[in-house]
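Enquirer: Dumping the structure here so I can ask a few things about it.
The values are calculated or read from the model by the stated rules, or taken from the named source; none is laboratory data. Just so it is clear, the structure is predicted and the values come from calculations on it, not from any experiment. Here Cβ is always computed from backbone atoms with ideal geometry, including for glycine, and neighbour counts include all displayed protein chains. Remember, those area values only see protein heavy atoms, side chains included, never the ligands or the DNA or RNA. Shrake-Rupley method; radii C 1.70, N 1.55, O 1.52, S 1.80 Å.
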Amino acid sequence: MIDDFLKYLKVGKGFSNHTVKNYKIDLEDFFKYVKDQKVDASLVREYLKFLYEKKYSSRTISRKVSTLKSYYKYLESENIIDDNPLELISNPKIEKTLPNYLNYEDLERLLSAPDITKKEGLRDALLLEMLYSSGCRVSEISNIKIKDINFKDRKIIILGKGNKERYVFYGSKCENLLNKYLEKEVHEYLFTNKHGNRLNERTIRKIVEDNAKKARLEVHVTPHTLRHTYATHLLNDGADLKSVG
């Protein structure tokens, strides 16, 4: 039934490939542990104890519990099971951590790290600037196509979570980099490798991390760091909290 469930998530719920893949991994991990045993609340608690002993974070464990709850709720709705073994299982409390973001000085060092005299450096500079100035998620940046960009109004149509479309805007610095970049590179997708293929999320994360090291930043920087930085700087400059969200 796992394949049917994953298909339901993708087609019925409109989840992204990345999200569906995470659901699949969580379910495979659980059933690898369960093997041929009958799944009940007691066995689920044993599995959670196993995860804690393996030093999984409470955030990861909570996600895995949510995956199992969704799966068994689906089985219930399809009349595959009568008793839901996850009914009495609670999600663990998640430790609250402050969002990681860059101050203005560190941000400038990061954005200036790529060598824009080189083709890949120009791409990386545009990528970093786009992540910051648009506030896009890494998956959204990866999927931007040239046809999605409105050059006149400096805005891009983005397909976000749940296949919902929205516009994001970029600034004049990003515009200048974009124009220079497109003089050298024009493919279907905006960000590509040397073969003209779309940059995947893993590669984008590595580009961000490599340039953070080049900039000698002491904090760990990811694409999500730039998304938080975008939101934080907007709030610092007086933006309304609802508009940032």
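Enquirer: Counting Lys +1, Arg +1, Asp -1, Glu -1, what net charge surrounds Phe169 among other residues with beta carbon under 10 Å of its beta carbon?
Expert: With Lys, Arg at +1 and Asp, Glu at -1, the net is +1.
Enquirer: Run the helix sum for the chain: -39,500 (n - 2.57) per DSSP H stretch of 4+ residues, divided by residue count, reported at 222 nm to the nearest 500 deg cm²/dmol.
Expert: Numbers: 11 runs with 131 residues, N = 245.
Rounded to the nearest 500, it is -16500 deg cm²/dmol.
Enquirer: Turning to a different aspect of this structure: Using only the Cα atoms of the range 13-82, build the gyration tensor, take square roots of its eigenvalues as a ≥ b ≥ c, and label the shape rounded, prolate or oblate: rounded if a/c is under 1.5, else prolate if a/b is larger than b/c, else oblate.
Expert: Note, shape of the range 13-82 comes out oblate.
Enquirer: When the solvent-accessible surface of protein heavy atoms is calculated with a 1.4 angstrom probe, in what order do Tyr71, Tyr56 fall, highest first?
Expert: Tyr56, Tyr71
Enquirer: So how do Lys173, Lys73 rank on accessible area, 1.4 Å probe, biggest first, that is with the largest at the start? Before the final figure, lay out each step's value.
Expert: On the way: Lys173 90, Lys73 140 Å².
These residues rank, largest area first, as Lys73, Lys173.
Enquirer: Does the range 152-193 classify as rounded, prolate or oblate by the C-alpha gyration tensor (a ≥ b ≥ c root eigenvalues; a/c under 1.5 gives rounded; else a/b over b/c gives prolate, otherwise oblate)?
Expert: Oblate, because a/c is 1.5 or more while a/b does not exceed b/c.
Enquirer: While we're here: As a test of the definition: which semi-axes, in Å, follow for the chain when you take the square root of five times each eigenvalue of its alpha carbon gyration tensor? Largest first, please.
Expert: 40, 21, 17
Enquirer: If one takes the longest principal axis of the Cα atoms in the chain, at what angle in degrees, from 0 to 90 and to the nearest 10, does the Cα axis of helix 17-34 lie?
Expert: Its long axis makes an angle of about 30 degrees.
Enquirer: Right, next: Is there a pair in Lys24/Lys164; Lys155/Lys194; Lys7/Lys35; Lys119/Lys214; Lys184/Lys206; Lys118/Lys206 whose C-alpha atoms are over 21 Å apart, and which pairs would that be? The partial results should precede the final answer.
Expert: Working: Lys24/Lys164 23 Å; Lys155/Lys194 26 Å; Lys7/Lys35 23 Å; Lys119/Lys214 17 Å; Lys184/Lys206 23 Å; Lys118/Lys206 18 Å.
Pairs exceeding 21 Å: Lys24/Lys164; Lys155/Lys194; Lys7/Lys35; Lys184/Lys206.
Enquirer: Here is a follow-up. Distances longer than 19 Å among the Cα atoms of the range 82-173: what percent of all pairs is that?
Expert: Beyond 19 Å sits 58 percent of the P(r) for the range 82-173.
Enquirer: Right, something else. Relative to the longest principal axis of the C-alpha atoms of the chain, give the angle of the C-alpha long axis of helix 58-77, reported between 0 and 90° and rounded to the nearest 10°.
Expert: Helix 58-77 sits at roughly 60 degrees to that axis.
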